[in-house]
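The values are calculated or read from the model by the stated rules, or taken from the named source; none is laboratory data. Note that this is a predicted model, so its numbers are computed, not measured. Don't worry about glycine lacking a Cβ; one is built from the backbone with ideal geometry, like all the others, and counts go over all protein chains shown. Note: areas computed on protein heavy atoms with side chains; ligands, DNA, RNA excluded. Shrake-Rupley method; radii C 1.70, N 1.55, O 1.52, S 1.80 Å.
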Amino acid sequence: MPLLLRHPSSLEHDTGPGHPERADRIRAIEAELESRGWLDWDVREAPPASEEQLLRVHPPAYVERVREMSARSAPFDLDTPTSPGSYEAALRAAGGACALVEALLGGGERTGFSVLRPPGHHAEPERAMGFCLFATMAIAARHALDALGAERVLVVDWDVHHGNGTNTIFHESTEVLFASIHQYPFWPGTGALGDVGSGAGEGYSFNLPVPAGTGEVAFLSLVEHVVAPAARQYGPDLIMISVGFDAHHEDPLGGLALETGSYGRLARQVRALGDELDAPVGAVLEGGYDLRALADSVAETMGALAGDDPAPKVARPDPLAEAAIAVLGRYWDF
Ligand SMILES: [Zn+2]
């Protein structure tokens, strides 16, 4: 049975009035899932991340700083406030993603979703930013690699914003193939197509920028014609998705044009890839700020992850996929 991780501490990270990354996001998702009987998923409470899990990505002084800043409600920057509940919420968000990875790699689960906040893909080892405190996805991937026997992890990130934290943390690594589709130019400014990783990790960062207004066909093509062929060569033991829903056309922050159904089709592509490669597929919540679009798209994603529908096909590579292939073709066969 697919596994959903959640925890009430996600409601106690108070970002203040008017902040888009708010507790109501989780309330909206959970109300929608409740009305659908949680799609018959196995719903469990997320444990807090252990010190060992956190310290694989963040230095001890940074972890202590998050704890101490939260205790006195001190903001890291204008986007990234804290409250006394923030530290626990961030610990559970990271711990939920680690528990998901454990279930996927150890328990024979085929798929699952960690639905907690704050998000994590902007957090760097020593820097909170962009609503993110701990680098949840990177912590989960390192847990898979360092504690659970995985040798290669594919991380696909389709939040509207570039996942700069995950990108930075694995920039020189071959252990994670990081593929991000994001609006560009856009906040946080990173994620140009030419950033392919560095050192030993050159060719293992796929930054797939798309211009404002881009819709579903380009996303599907980037997964089908760029991410999937590379993944077949890479052979991941685990596939993780940083699922942001702020590329939805209703989103107040993003400028892209995905529909609710697009999230299901994208998830079907990745789940089908996981089936083909015998790799489980886990999703971790990142952004998404229109409550209706967010809640419906989460449910759509879960249905697709748990289902058996075949992946949609895009007949010809989109021009954005052609552009990516021109750069990444130095490292992979397309
Ligand atoms: Zn985002």
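Any idea which of Ser180, Ser173 is under 22 Å from Gly201 (Cα atoms), away from the ligand (no atom under 16 Å from the Cβ) and of a type in the set (Ser, Thr, Tyr)? Before you say what the answer is, go through the steps one by one.
On the way: Ser180 fails: away from the ligand (no atom under 16 Å from the Cβ).
Being under 22 Å from Gly201 (Cα atoms), away from the ligand (no atom under 16 Å from the Cβ) and of a type in the set (Ser, Thr, Tyr) holds for just one of Ser180, Ser173, which is Ser173.
State the number of residues belonging to the stretch 144-163 that are assigned to a helix (DSSP H, G or I) and open to solvent by 10 Å² or more (accessible area, probe 1.4 Å). Steps first, please.
As a first pass, look at the stretch 144-163 and keep what is assigned to a helix (DSSP H, G or I): 144-147.
From the residues that got through so far, the ones that are open to solvent by 10 Å² or more (accessible area, probe 1.4 Å) too are 145-147.
Looking only at that region, the number is 3.
Taking Gly130 and the conditions (1) over 12 Å from the mean Cα position of the chain (by Cα); (2) away from the ligand (no atom under 16 Å from the Cβ); (3) of a type outside the set (Lys, Arg), which numbered condition does it fall short on, given that it satisfies the others?
Of everything listed in (1) over 12 Å from the mean Cα position of the chain (by Cα); (2) away from the ligand (no atom under 16 Å from the Cβ); (3) of a type outside the set (Lys, Arg), Gly130 misses just condition (2).
Conditions: (1) away from the ligand (no atom under 16 Å from the Cβ); (2) under 23 Å from Val115 (Cα atoms); (3) open to solvent by 10 Å² or more (accessible area, probe 1.4 Å). Pro211 meets all but one. Number of the miss?
(2)
In the set Glu300, Glu250, which member is within 16 Å of the ligand (Cβ to nearest atom), open to solvent by 40 Å² or more (accessible area, probe 1.4 Å), in contact with a helix residue (DSSP H, G or I) (Cβ under 7 Å, 6 or more places away or on another chain) and under 22 Å from His121 (Cβ atoms)?
On the way: Glu300 fails: within 16 Å of the ligand (Cβ to nearest atom).
Exactly one of Glu300, Glu250 is within 16 Å of the ligand (Cβ to nearest atom), open to solvent by 40 Å² or more (accessible area, probe 1.4 Å), in contact with a helix residue (DSSP H, G or I) (Cβ under 7 Å, 6 or more places away or on another chain) and under 22 Å from His121 (Cβ atoms), namely Glu250.
Please name all residue pairs, on different chains or six or more residues apart, with Cβ atoms under 6 Å, provided the first residue is in the stretch 104-124 and is in a loop (DSSP other than H, G, I, E, B) and the second residue is open to solvent by less than 10 Å² (accessible area, probe 1.4 Å) and of a type in the set (Ser, Thr, Tyr).
Leu116/Ser10; Arg117/Ser10; Gly120/Thr136; His121/Thr166; His121/Ser242
Out of everything in the stretch 96-143 that is of a type in the set (Phe, Trp, Tyr) and under 17 Å from Tyr62 (Cα atoms), what residue ends up being most open to solvent (accessible area, probe 1.4 Å)? So that I can check it myself, show each step before the final result.
Kept after step one, since they are of a type in the set (Phe, Trp, Tyr), are these residues of the stretch 96-143: 113, 131, 134.
Those left that are additionally under 17 Å from Tyr62 (Cα atoms): 131, 134.
Numbers: Phe131: 29, Phe134: 2 Å².
Ranking the candidates gives Phe131 first.
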